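Everything on this sheet refers to the single structure shown next.
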Amino acid sequence: MQEGVIPTDGMVITESVRFAPGVYSVPSGLTIDADDVTVEGEGPLLVSAAHEGAAITVRERSGVSIRELAISGFYYGIRTDGCRDLTVEAVKV
């Protein structure tokens, strides 16, 4: 797992990451694009002023875990389509 990762707008995640604490403007959101990936943090806040789109998008994946994040300002906090074995824990939306 990569530690201390800074989320960036439009980031595509293909391996497990732990985000660094902080507030991050990511109006285009993040995409998880691999199976068996964990995305977690120590309370990072993903924000957008647009009130549209999704903070995190996951499509057709399995074994994905999303933990210990906060999300604000999106239409969808986490959007999933066609996923299996998805875990979401301690996420504030």
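Go through region 39-62 and give me each residue that's under 14 Å from the mean Cα position of the chain (by Cα) and over 15 Å from SER25 (Cα atoms).
VAL39, GLU40, GLY41, GLU42, THR57, VAL58, ARG59, ARG61
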Members of region 70-87 found to be more than 17 Å from VAL12 (Cβ to Cβ) and within 10 Å of the chain's Cα centre (by Cα), listed by number: ALA70, ILE71, GLY77
Test result for GLU89, at pLDDT below 95 and not hydroxyl-bearing (Ser, Thr, Tyr): no
Filtered residue count, region 23-52, keeping only those that are under 13 Å from TYR75 (Cβ atoms) and modelled with pLDDT under 95: 4
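The values are calculated or read from the model by the stated rules, or taken from the named source; none is laboratory data. This is a predicted model, so every value here is computed, not measured. Methodologically, a virtual Cβ is constructed for each residue, glycine included, from the backbone with ideal geometry; neighbour enumeration extends over all protein chains shown.
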